[in-house]
């Protein structure tokens with residue numbers, strides 16, 4: 001049974017909506033998204049994949065305080081892009097047959113952070129603060145209440161693989177007949193707490209990140225959301241396959257042997273019923289940390305070979321953590337649609353290859369297949385060794 005991604009909403013540092021993101025993804029002259037700012041780290045400017053003009057808690061007035069957060073405001077903006085299609089699907093199948101499965105890692109941490117700051121300054125929590133804002137399940141509950149759906153609604157939180165795993169979970173609900181339509185994807189937003197946590201691991205780069213380079217020195221954090229309307233009805237893109245594994249190696253470092261990453265990639269190919277040579281392009285997890293890039297480059301070379309075009313889009317969007325899998329799947333969705341020349345997302349880096357890595361075929365700024373792509377793959381490798389790989393195909 002085929003599973004299709006019928007509609008896409010996306011908000012990230014590249015822009016809001018399909019056309020804005022498509023234009024920014026393939027703009028000439030280098031990456032222009034994100035900003036260098038001290039907003040979350042006073043006295044220490046960092047390059048971040050920020051989303052502009054998003055007010056905290058900017059939702060409909062009817063949204064209850066427990067669900068009023070920047071995270072849900074990001075979802076609200078993204079849902080608005082595809083709301084007619086979503087409401088049409090709900091009308092066709094009924095609210096009980098619509099599931100919502102999302103990935104996140106932050107939920108309302110920013111709201112908790114601001115509340116604690118206010119408590120320290122004034123001795124009281126802000127009246128607008130509600131602990132429910134911080135609950136990881138908040139994004140799925142928010143959308144279910146917003147749309148009036150009564151099918152399964154839950155949130156996956158497995159760090160940077162969260163929303164890729166949410167998409168796989170949504171596909172399973174369809175395949176097992178537990179839903180007829182799934183609204184799936186992910187969302188995460190920036191806050192000082194998150195940035196401080198990654199900074200304590202000495203894994204944050206102050207400049208734009210530099211994946212695969214001998215000069216790489218860490219990630220850029222980012223924020224955003226991507227939502228897909230998923231169903232068994234034919235659409236422009238198929239979720240052709242997925243693979244999920246767990247390293248159980250270390251709380252933050254990947255297994256240097258890349259065993260779980262390789263297995264997840266092979267599972268995704270097998271579930272899609274295709275071979276490695278059928279992949280036209282791979283979106284790397286590509287965080288630009290020393291450990292990830294070594295592990296991933298070797299895994300890719302072993303499973304797909306060294307000729308498939310690859311790139312990391314994190315210099316464009318920042319690493320959006322729990323939303324990364326869905327946002328990068330959204331960039332793959334754009335690569336598979338309205339793209340007859342097969343233009344590929346560029347790998348923006350300094351070009352200084354790390355001799356410790358197998359040489360991969362990185363996509364240049366003008367890279368294209370010369371034809372429409374048929375299958376693309378996206379890797380998501382998370383803390384705790386949670387690995388998720390998606391294969392998307394033309395509809």
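Do you know which residues across the stretch 127-137 are assigned to a loop (DSSP other than H, G, I, E, B) and either more than 30 Å from residue 387 (Cα to Cα) or at pLDDT below 90 (or both)? Steps first, answer last, please.
First pass over the stretch 127-137, keeping only residues assigned to a loop (DSSP other than H, G, I, E, B): 127-130, 135-137.
The answer is 127, 128, 129, 130.
Please work out which residue is farthest from the chain's Cα centre (by Cα), limiting yourself to the stretch 84-126 and to residues that are farther than 30 Å from residue 178 by Cα and outside any helix (DSSP H, G or I).
Going residue by residue through the stretch 84-126, those that are farther than 30 Å from residue 178 by Cα are 109-126.
Remaining after also requiring outside any helix (DSSP H, G or I): 123-126.
Values: 123: 38, 124: 36, 125: 32, 126: 31 Å.
Here the answer is 123.
Only residues that are within 18 Å of residue 382 (Cβ to Cβ) and either touching a helix residue (DSSP H, G or I) at 6+ places or on another chain (Cβ under 7 Å) or outside any loop (DSSP other than H, G, I, E, B) (or both): list them for the stretch 201-211, please. Spell out how you get there, then give the answer.
Of the stretch 201-211, the ones within 18 Å of residue 382 (Cβ to Cβ) are 201, 203-204, 209, 211.
Of everything in the stretch 201-211, those that are within 18 Å of residue 382 (Cβ to Cβ) and either touching a helix residue (DSSP H, G or I) at 6+ places or on another chain (Cβ under 7 Å) or outside any loop (DSSP other than H, G, I, E, B) (or both) turn out to be 204, 209, 211.
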**Fill in**
The residue that is farthest from residue 226 (Cα to Cα), considering only those in the stretch 1-28 that are loosely packed, with under 13 Cβ neighbours inside 10 Å and without any contact (Cβ under 8 Å) to a residue 12 or more places away in the chain, is 23
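Would you point out which residue out of 226, 240, 248 is surrounded by fewer than 19 Cβ atoms within 10 Å (Cβ to Cβ) and in contact (Cβ under 8 Å) with a residue 12 or more places away in the chain?
On the way: 226 fails: surrounded by fewer than 19 Cβ atoms within 10 Å (Cβ to Cβ); 240 fails: surrounded by fewer than 19 Cβ atoms within 10 Å (Cβ to Cβ).
Just one listed residue meets the conditions, 248.
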**Message:** Among the residues that make up the stretch 259-281, is at least one of them in contact (Cβ under 8 Å) with a residue 12 or more places away in the chain, part of a strand (DSSP E or B) and in contact with a helix residue (DSSP H, G or I) (Cβ under 7 Å, 6 or more places away or on another chain)?
**Reply:** yes
**Request:** Sort through 61, 84, 95 and tell me the only one that's modelled with pLDDT under 95 and more than 30 Å from residue 203 (Cβ to Cβ).
**Result:** 61
**Request:** Count, please, the residues in the stretch 271-308 that happen to be over 16 Å from residue 362 (Cα atoms) and in contact with a strand residue (DSSP E or B) (Cβ under 7 Å, 6 or more places away or on another chain).
**Result:** 6
**Request:** Enumerate the pairs (first residue in the stretch 144-161 and at positive phi and in contact (Cβ under 8 Å) with a residue 12 or more places away in the chain; second residue anywhere and assigned to a loop (DSSP other than H, G, I, E, B) and surrounded by 18 or more Cβ atoms within 10 Å (Cβ to Cβ)) with beta-carbon separation below 9 Å, excluding pairs fewer than 6 apart on the same chain, so at least 6 apart or on different chains.
**Result:** 159/105; 159/382
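Looking only at the stretch 223-241, decide whether some residue is farther than 28 Å from residue 339 by Cβ and either in contact with a strand residue (DSSP E or B) (Cβ under 6 Å, 6 or more places away or on another chain) or assigned to a strand (DSSP E or B) (or both). Walk me through how you get there before you give the answer.
Filtering the stretch 223-241 down to residues farther than 28 Å from residue 339 by Cβ leaves none.
For the stretch 223-241, residues farther than 28 Å from residue 339 by Cβ and either in contact with a strand residue (DSSP E or B) (Cβ under 6 Å, 6 or more places away or on another chain) or assigned to a strand (DSSP E or B) (or both): absent.
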**Request:** All but one of (1) in contact (Cβ under 8 Å) with a residue 60 or more places away in the chain; (2) surrounded by fewer than 24 Cβ atoms within 10 Å (Cβ to Cβ); (3) not in a loop (DSSP other than H, G, I, E, B) hold for residue 164, so report the exception by its number.
**Result:** (2)
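The values are calculated or read from the model by the stated rules, or taken from the named source; none is laboratory data. None of the values given here were measured: they were computed from a predicted structure. No Cβ is skipped: glycine too gets one built from the backbone with ideal geometry, and neighbour counts run over all protein chains shown.
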